[in-house]
Structures are given as structure tokens and as C-alpha cells.
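Worksheet for the structure shown next.
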Amino acid sequence: MSKSSNGRLPRLEDVAELAGVSHQTVSRVINNHPNVSKATREKVEAAIAELGYRRNTAARSLVTRRSQTIGVLGSELAQYGPANTLLGVEQAARDAGYFVSIAALRSVSRDAIFDALRHFTDQSVDGIAVLVPHTETLRILEEFNPGVPVVAVGSLGDEAVSGAMVDQKRGAELAVGHLIELGHRRIGHVAGPSDWIDGALRAEGWRAALEEAGLPHDLLLEGDWSAGSGYEFGRRLAAERTATALFVGNDQMALGILRAFNEAGVRVPDDVSVVGFDDQPESGYFTPPLTTVRQDFEELGRRCIDIMLKEIEAGAAVSSTVVTPELVRRASTASPATEH
């Protein structure tokens, strides 16, 4: 950081003087306030760069009584969905000018979640994003009041905790609806774990779409999100040949199924159509390229942080937000050649 002509570090007032604006305007630019013209913002940013100004976060914390830090609690971060949800939330928090403190759970339990929440309260975080999309998470959160806004990511929340999620049920309905439109009448589902909110809602969407179409919904298998579990189910399904189409709970399990089908001589999509969920970067390079449901993790992160900042800075009430998923059509789905 450069120093001013009198040898001290540059202050906000120095930036204002060089830019020819008020110190309130400089503050608005630094805090990304929308009511600043493009020309003024550029002038202030040029002055900041010339002086090498950096705001004193310690002093700001004393004035605002905020740490400018958000705690992010995550689990199962080796999986594509949770890992990218974490990245989306972390980036949105940083874009809003907040530091991020991350705690990753090795296992999901009341004690593990409580320990992480205590860690965050000891750090005096301004808010907490909880990326633990298990069915028991809200119940556990109800027992612990951290005294700061909490957003449950992957859930709609409740009367005490805000929520931000992708519409998992709608995503499943899009996938199954696509298969029905192609003419499939026997559509199975390889689901994620039922104690995951995502897994339960995707299974619910699969079932609801089939019920609405008057089709059977008895072919349900529960995996563990891994390609290995998809492979094992794929070998079984290849032998039984009980469905013309499969909706798979995530792209990783779909990858395992595609390999098992290939080994067994089951052609995709000629013999069986396959739809995944997540649209991970490799999905377009599977053999064949995978039709799947895309989740906008960046948008989910922005929605989460928007809700949290409204609670932190404006005292807004608990609320929830839902991001709409998108079906991505590729070569793994087609009309059925024959009925099974």
C-alpha cells in the first residue's frame, strides 16, 4: 500500500479529495451501492488504484459492530452438487464484500453441526449459510440459536431459518416429462439417498409426473450418488430389461449406468433412454452425451447471500427463494424402439 505525501497510509478522505467527490460517495462505491453513476464509480476506482487505498476492516468493524464475515457450513463436499453450491455461495459472499469462513463436516450429526455453529459464533460471524441438505438439518438448527441470520441452502427453511434452493421436484418433473413426451411408458428411477432433501424431492417429482400421466411408478432404486452404485444398478437393470427409460438422481450415477449398459450390450438411447441431474461439466462428453437437468449454482449462491444481507443489514424477516432448473437435451434420450 502506498503512502500519502505526509507519510501516512491513504484514507477514504484522500480518495474523495483526489476524485473530487464526497467521502459518502467513496463509501458507496466501496460497498457496491447501486445509486452511483458509471462515470463517478470509474473516477473513484481510479483514485483508489492511484493511491493504493485499502479500507481498514478492523476499524469498520468497530463502527458497524460487524465482522464482515459469513460462516459457511457444508457436508458431502466431494459430490459435484454440494461442492458447486459451496463455490456459488462463497463467490457471492466475496462479491458482496464479505470474508468467508468454511467448516466442512465429515459426518452429519447433531454434535458435528453444533460444534461448527459454535465455531462460527466464536468468530462473531454476521451470518451463517448451512449447506447440509439432509432431512434432519432444520430440526437440528431449531435447537441452536446462533443469534445471527441463518440460511439453509437446499431447503425452503422454516419460520426461524431462511431457505434457498433449486426446485428439485420441478427438475425431476422436467426430466420425466421429457421421457413421456418421447413416448416412454415404463420409466424407472435410480434415486439418491432418501435422507437427502435433494434425493427425496427428485424421487417425489419422478413419482408425481408418472402419476399425472397415469403411468406406473414402482421401479425405484436407491443409490448413494456414486458412479459405483450406478454401475451396480446398471448391471441389474441391463439383465432385467424392465424399463425403456431411466431418470437417474445425478450425473455420476448415470455415468456408472452407462458403463454397465455398454458392457452388457444395452444401447443408449436405442434400447434404454437415460436422463441425469446436475449437468456437471463432463456430462456432455459421456458416451453418449447425457441429457440432464442443469442447476444454476451461481444463482443459488447469489440468492442465498441476497437473503442473508437483507437480514443482516436491513433486519428483513425470514424468507425463502427457489431457483428454477433447466432441462438440457442431449443424445442419451430418444423415442422407444419397442415397448418392454
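The values are calculated or read from the model by the stated rules, or taken from the named source; none is laboratory data. Everything quoted here is computed from the prediction, not taken from an experiment. Methodologically, a virtual Cβ is constructed for each residue, glycine included, from the backbone with ideal geometry; neighbour enumeration extends over all protein chains shown. In case anyone asks, the SASA skips ligands and DNA or RNA and just uses the protein heavy atoms, side chains included. Shrake-Rupley method; radii C 1.70, N 1.55, O 1.52, S 1.80 Å.
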Please figure out what share of the DSSP beta bridges in the chain is antiparallel and state it in percent, rounded to the nearest 5. 15 percent
Under a plain spin-label model, where a point goes 7 Å from the Cα along Cα-to-Cβ, how far apart in nm are residue 142 and residue 11? 5.2 nm
Against the longest alpha carbon principal axis of the chain, how many degrees, from 0 to 90 and to the nearest 10, is the axis of helix 110-122 turned? 20 degrees
Neighbourhood net charge (13 Å Cβ-Cβ; Lys/Arg +1, Asp/Glu -1) for residue 105: -2
Most packed first (mean Cβ within 10 Å per residue), the peptides 318-327, 240-249 order as 240-249, 318-327
Helix 227-240 sits at what angle to the longest principal axis of the chain, using alpha carbons and giving 0 to 90 degrees rounded to 10? 20 degrees
Going by alpha carbons, how many degrees (0 to 90, nearest 10) lie between the helix axis of 297-314 and the longest principal axis of the chain? 40 degrees
So, for region 65-217, what is the accessible surface per residue at a probe of 1.4 Å, expressed in square angstrom? 41 Å²
Starting from the Cα-Cα distance between residue 270 and residue 298, subtract it from 0.36 nm times their residue separation and give me the gain in nm to one decimal. 6.6 nm
What whole number of Å gives the distance from the Cα centroid of region 94-163 to the Cα centroid of region 217-247? 34 Å
Report in % the part of the accessible area of region 194-320 that belongs to carbon and sulfur, leaving out ligands and nucleic acids; probe 1.4 Å. 46 percent
Net +/- balance of residues flanking residue 87 in space, Cβ distance below 11 Å, scoring K and R +1, D and E -1: -1
Would any residue of region 210-234 have its amide N under 11 Å from a label point 7 Å out along Cα→Cβ of residue 282? List them or say none. 227-228
Give me the percent relative contact order of the chain, please, defined on Cα pairs under 8 angstrom at least 6 residues apart. 16 percent
Could you calculate the contour length gain from residue 160 to residue 27, that is, 0.36 nm times the residue separation minus the distance between their Cα atoms, to one decimal place in nm? 44.6 nm
The chain, helix-only ellipticity at 222 nm - DSSP H runs n ≥ 4, -39,500 (n - 2.57), divided by all residues, nearest 500: -14000 deg cm²/dmol
